[in-house]
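The values are calculated or read from the model by the stated rules, or taken from the named source; none is laboratory data. Not measured: the values here are computed from a predicted model. Cβ atoms come from the backbone with ideal geometry, glycine included; neighbour counts cover every protein chain shown. Accessible surface areas use protein heavy atoms only, side chains included; no ligands, DNA or RNA. Shrake-Rupley method; radii C 1.70, N 1.55, O 1.52, S 1.80 Å.
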Amino acid sequence: MNSLASRFAVGLVLAAIAQAQDNKPNIILFLVDDMGWQDTSVPFADQPTPWNQLYRTPHMEDLARRGAKFTQAYAAHPVCSPTRSSMMTGKNPARSHVDDWVGHGYTSNKYLRSPKWAALGLQPGGPNAYLPELLRKNGYRTIHVGKAHFGGKDTAGADPTTLGFDINIAGSHTGGPWGGWISPWLGKYKDVYPNLHDRPKGEYLTRAITVKAIETIDDAIRDDVPFFLNMAQFAVHTGIAPAPDYIDGYQDGRPKVEADYASMLEAMDASLGSLLAKLRDPNGDGDPSDSIAQNTLVLFTSDNGGLSNHTRARDGKIQVRPDQGQPVQADFERDWHNRPLRSGKGSAYEGGTRVPMLVAWAGQQPGAKPVHASLPIAPGSTVTEPVHMDDFFPTVLDLAGVANPVPKPDRDGQSLAPLLAGRSFERETPLFWHYPHQWYKDVGVGLGIEPFSAMRKGRYKVIYFYGDGVADGAGYDPRVELYDLSLDLSEAHDLAGSEAKRCIALRDELVDWLQRVGAGIPIIKATDKPAALPAAGSPLHQ
């Protein structure tokens with residue numbers, strides 16, 4: 001499709017959206033923490049897998065029937081804070097320099113240490129135009145509930161209300177469920193969960209923040225204002241702990257930690273179901289005439305890939321009998337809890353960044369015609385186009401009728417409005433990831449858990465691992481890997497040797513982008529200098 005036709009298609013979508021601005025849509029981002037691509041009964045692979053039989057997520061299934069399922073959706077980063085900053089700014093973490101989880105500080109492995117980065121995360125008054133600020137200026141009530149992890153401890157940015165949210169419930173500097181999952185968790189952790197207040201004894205944290213989110217929806221309905229809700233679950237972050245209302249359903253032969261994990265996923269899914277029920281019948285009287293669901297867009301996704309390197313079971317092949325039905329052979333191995341995707345959270349491989357994603361108007365009926373003229377999402381549709389969390393910022397601004405204030409040369413991602421509406425869509429730039437830090441322990445060769453940069457262009461993905469940072473032919477050198485994801489989803493066959501010319505061209509494009517956005521490059525500990533990036537056209541160092 002040529003660029004003129006592409007611009008025309010985008011114009012049609014935006015014109016339709018502009019016509020609907022007298023009735024601004026409500027927008028909910030339902031963001032799960034550390035949820036893998038396979039951690040659901042909704043199949044995102046071409047065919048259902050054993051993992052899909054191990055989990056119960058009926059409300060995700062419902063949302064998929066009502067809207068679009070994205071089979072190649074990606075977080076902006078393999079750990080949490082950078083993806084969250086992408087949502088807030090529309091900037092790739094390499095550009096914003098929020099390229100590690102806030103609070104991690106400066107890390108190292110045997111050879112490399114962190115470059116200078118935005119270690120305090122997002123802060124008010126900075127160079128970024130934050131999404132909730134832009135929406136608030138255009139008539140939206142902006143609500144944050146749950147995990148924030150935008151700014152560092154004892155900084156202004158730790159409080160989401162300094163970044164444009166009108167309301168903050170439970171959001172602070174913390175990246176996990178401090179004080180545990182079961183109420184009462186306050187005590188010395190009270191400041192970690194602002195405005196959550198005391199909850200009934202024994203209440204699970206996932207349920208507690210859901211109840212508070214529903215209260216904010218009630219208030220917005222009463223005040224007749226459109227709202228943006230960043231519903232950011234703490235689940236399924238470690239520590240893994242059973243959800244009391246659901247754990248009994250997983251006593252089926254799987255390891256205890258996997259039973260606990262599955263119960264956490266079902267509790268998260270129940271939270272989604274509670275929000276959808278509120279939208280469809282706000283006063284709960286069974287009469288949907290007061291529904292706001294048809295004018296509320298729900299986007300469901302995760303901030304990075306699923307945990308696999310640690311904490312999860314390593315028991316190998318086990319016969320599990322979900323619901324005491326037919327046995328399922330589950331293979332609980334380190335680095336394979338997201339299979340067929342390789343590795344998991346923190347990794348350059350697909351398991352680190354590919355995530356579940358669903359988008360639907362909450363009031364859309366399965367099998368019926370699309371309900372919303374401004375964005376007619378076909379119910380039950382599947383989108384195979386690769387998309388990225390960088391796309392969320394411009395998509396929401398388009399939907400809300402707000403001009404994007406980021407200068408075009410500085411933009412990352414693009415609006416998915418034409419894609420959601422079933423119109424022509426052409427990806428303007430490749431997808432990029434950049435993690436110049438060591439997430440976990442020492443060099444994770446084979447797991448992809450080491451400093452890296454990566455790019456996906458079409459079907460090909462190139463990964464540049466910084467290694468010891470010195471392409472000198474001695475010791476542990478930088479290396480480049482190339483995969484054809486259309487044929488090799490598990491990234492088992494490195495094509496760098498057999499397709500060196502293609503690999504060099506893609507590597508050079510990645511390096512050019514890193515230099516253009518001013519990405520931080522890992523520091524070689526032996527020289528105290530940034531690792532040298534390969535010159536254009538230089539041969540691969542194998």
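Mind listing just one residue for me: the one in region 244-300 that is of a type in the set (Phe, Trp, Tyr), more than 23 Å from residue 140 (Cβ to Cβ) and under 25 Å from the mean Cα position of the chain (by Cα) and, of those, least open to solvent (accessible area, probe 1.4 Å)?
261
Could you say which residue among 236, 211 is modelled with pLDDT of 95 or more and not in a helix (DSSP H, G or I)? Please lay out each step first, then the result.
Values: 211 fails: not in a helix (DSSP H, G or I).
Unique residue meeting the criteria: 236.
Hey, can you tell me all the residues within region 80-129 that are more than 21 Å from the chain's Cα centre (by Cα) and basic (Lys, Arg)?
110, 113, 116
Can you find a residue in region 516-527 that is open to solvent by 20 Å² or more (accessible area, probe 1.4 Å), in a helix (DSSP H, G or I) and either out of contact with any Cys (no Cβ under 9 Å at 6 or more places or on another chain) or small (Gly, Ala, Ser) (or both)?
Scanning region 516-527 turns up at least one residue that is open to solvent by 20 Å² or more (accessible area, probe 1.4 Å), in a helix (DSSP H, G or I) and either out of contact with any Cys (no Cβ under 9 Å at 6 or more places or on another chain) or small (Gly, Ala, Ser) (or both).
Within region 171-186, can you find the residues that are touching a residue at least 60 places away in the same chain (Cβ under 8 Å) and either open to solvent by 40 Å² or more (accessible area, probe 1.4 Å) or touching a strand residue (DSSP E or B) at 6+ places or on another chain (Cβ under 9 Å) (or both)?
171, 173, 181, 182, listed by residue number.
For region 92-103, indicate whether the set of residues that are assigned to a helix (DSSP H, G or I) and modelled with pLDDT under 95 is non-empty. It would help to see each step written out before you state the result.
Within region 92-103, the first condition is being assigned to a helix (DSSP H, G or I), and the residues that meet it are 93-96.
In the following step, the residues that additionally are modelled with pLDDT under 95 were identified as none.
Within region 92-103, none of the residues are assigned to a helix (DSSP H, G or I) and modelled with pLDDT under 95.
Between a residue in region 368-381 that is assigned to a strand (DSSP E or B) and any residue that is open to solvent by less than 30 Å² (accessible area, probe 1.4 Å) and of a type in the set (A, V, I, L, M), which pairs come within a Cβ distance under 7 Å, given they are 6 or more apart or on different chains?
Within 7 Å, the pairs are 381/68.
Taking residue 518 as the residue in question, decide whether it is at pLDDT 95 or above, on the phi > 0 side of the Ramachandran plot and out of contact with any Leu (no Cβ under 8 Å at 6 or more places or on another chain). I'd like the intermediate steps shown before the answer.
Numbers: at pLDDT 95 or above: yes; on the phi > 0 side of the Ramachandran plot: yes; out of contact with any Leu (no Cβ under 8 Å at 6 or more places or on another chain): yes.
The answer is yes for residue 518.
So which pairs qualify, if the first residue must be in region 430-446 and closer than 16 Å to residue 106 by Cα and at pLDDT below 80, the second must be surrounded by fewer than 24 Cβ atoms within 10 Å (Cβ to Cβ) and not hydrophobic (A, V, I, L, M, F, W, C), the Cβ gap must be under 7 Å, and the two must be at least 6 apart or on different chains?
443/109; 443/110
Closer than 25 Å to residue 436 by Cβ and buried (at least 17 other Cβ atoms within 10 Å of the Cβ), is that true of residue 111?
Yes.
Looking only at region 306-356, filter to residues that are part of a strand (DSSP E or B) and of a type in the set (A, V, I, L, M, F, W, C); which one of those is surrounded by the fewest Cβ atoms within 10 Å (Cβ to Cβ)? Let's see the steps before the verdict.
Let us first name the residues in region 306-356 that are part of a strand (DSSP E or B), namely 316-320, 328-332, 354-356.
Retained after the next criterion (residues that are of a type in the set (A, V, I, L, M, F, W, C)): 318, 320, 328, 330, 332, 355.
Details: 318: 16, 320: 20, 328: 19, 330: 23, 332: 19, 355: 26.
Among them, the one singled out is 318.
Which residues, taken from region 382-407, are assigned to a loop (DSSP other than H, G, I, E, B), out of contact with any strand residue (DSSP E or B) (no Cβ under 9 Å at 6 or more places or on another chain), open to solvent by 20 Å² or more (accessible area, probe 1.4 Å) and in contact (Cβ under 8 Å) with a residue 60 or more places away in the chain? Break it down stepwise before answering.
Here is the first cut: in region 382-407, the ones assigned to a loop (DSSP other than H, G, I, E, B) are 384-386, 401-407.
This time we only want the ones that are out of contact with any strand residue (DSSP E or B) (no Cβ under 9 Å at 6 or more places or on another chain), so: 401-407.
Imposing the further condition that a residue be open to solvent by 20 Å² or more (accessible area, probe 1.4 Å) reduces the set to 401, 403-405, 407.
Across region 382-407, the qualifying residues are 401, 404, 405.
Determine if region 419-435 includes at least one residue that is more than 24 Å from residue 461 (Cα to Cα) and open to solvent by less than 20 Å² (accessible area, probe 1.4 Å). Spell out the reasoning first.
At the first step, the residues of region 419-435 found to be more than 24 Å from residue 461 (Cα to Cα) are 420-423.
From what's left, open to solvent by less than 20 Å² (accessible area, probe 1.4 Å): 420-421.
Checking region 419-435: at least one residue is more than 24 Å from residue 461 (Cα to Cα) and open to solvent by less than 20 Å² (accessible area, probe 1.4 Å).
Which members of region 479-500 meet the condition of being part of a loop (DSSP other than H, G, I, E, B) and either small (Gly, Ala, Ser) or in contact with a Ser or Thr (Cβ under 8 Å, 6 or more places away or on another chain) (or both)?
Of the residues in region 479-500, the ones part of a loop (DSSP other than H, G, I, E, B) are 485-499.
Listed by number, the residues that qualify are 486, 490, 492, 496, 497, 498.
Can you confirm whether residue 454 is aliphatic (A, V, I, L, M), touching a residue at least 40 places away in the same chain (Cβ under 8 Å) and part of a strand (DSSP E or B)? Break it down into steps so the answer makes sense when it comes.
Working: aliphatic (A, V, I, L, M): yes; touching a residue at least 40 places away in the same chain (Cβ under 8 Å): yes; part of a strand (DSSP E or B): yes.
Yes; evaluated as a whole, the condition is true for this residue.
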